[in-house]
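Let me begin by presenting the structure, written as structure tokens, before commenting on it.
The values are calculated or read from the model by the stated rules, or taken from the named source; none is laboratory data. The model shown is predicted, which means the values in this text are computed figures rather than measured ones. Glycine also receives a Cβ, built like all others from the backbone with ideal geometry; neighbour counts cover every protein chain displayed. For accessibility, only protein heavy atoms count, side chains too; no ligands or nucleic acids. Shrake-Rupley method; radii C 1.70, N 1.55, O 1.52, S 1.80 Å.
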Amino acid sequence: MKAVNVRQLKNNPSAALRDARKHLVVVLNRDRPEALLVHLDDDALLSEPGVRRALATALYRDESLSLGQAARVARLPLAAFIEHVSRLGIPVVRGTAAGVREDAEAIATWRTGSSRRTPAR
């Protein structure tokens, strides 16, 4: 395990990421542990059952990844990832009811091949 302070991380993030390839890196803020850097290409960590799926789910839930990106991180087909997050009560469709209705109307118009343009938001 290695420790870096926030200033070192800010000045040279690449060095901290290189160190994380070899071992855990603790980020210190005023000599107190603030964060932990873990290299995610570590096959041992990501091959543990459920780790990829849990990581992808958390990143999607917090809106850090799109649905498609999260499905790729989880290494699941999009439909399977949608089912997974739906079972957990995480909404797949986000926004207001009016916005969803507008999107549904735009899709219906597009599917019928209408040349009418939908208004931009």
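Of all DSSP beta bridges confined to the chain, the antiparallel ones make up roughly 55%. With θ taken as phi - 60° and the Karplus curve 6.51 cos²θ - 1.76 cosθ + 1.60 applied, the whole-hertz 3J(HN,Hα) list for the stretch 89-102 is x, 8, x, 8, 9, 10, x, 8, 4, 5, x, 5, 4, 4 Hz, x standing for glycine and proline. Here the Karplus curve 6.51 cos²θ - 1.76 cosθ + 1.60, taken at θ = phi - 60°, turns the phi angles of the stretch 18-32 into couplings of 5, 4, 5, 5, 9, 7, 5, 10, 9, 9, 9, 10, 6, 6, 10 Hz, with x standing for Gly and Pro. A convex hull fitted to the Cα coordinates of the chain yields 191 cubic angstrom per residue. For residue 28, nonlocal amide neighbours, meaning residues 5 or more places apart or on other chains whose placed amide H falls under 5 Å from its own, are 4, 5, 6, 34.
Computed in the context of the full set of protein chains, the accessible area of the stretch 56-100 at 1.4 Å probe radius has 58% of its extent on carbon or sulfur. If R0 is 30 Å, the Cβ-Cβ spacing of residue 32 and residue 54 corresponds to a FRET efficiency of close to 0.65. Using the Cβ-Cβ distance between residue 72 and residue 5 with R0 set to 22 Å, the FRET efficiency works out to roughly 0.05.
Modelled this way, with points 7 Å down the Cα-to-C-beta line, the labels at residue 105 and residue 47 are 5.3 nm from one another. With helices as the sole contributors, the chain gives -15000 deg cm²/dmol at 222 nm; each DSSP H run of n ≥ 4 counts as -39500 (n - 2.57), and the sum is divided by every residue.
Quick one: accessible area per residue over the chain, 1.4 Å probe, rounded to a whole number of Å²?
That works out to 77 Å² for each residue.
Would you mind counting up the charge near residue 1? Only other residues with Cβ under 11 Å from its Cβ, with Lys and Arg at +1 and Asp and Glu at -1. Net charge around residue 1: +1.
Each peptide in 14-21, 80-87 gets a packing score, the mean of other Cβ atoms within 10 Å over its residues, and the list from highest to lowest is 80-87, 14-21.
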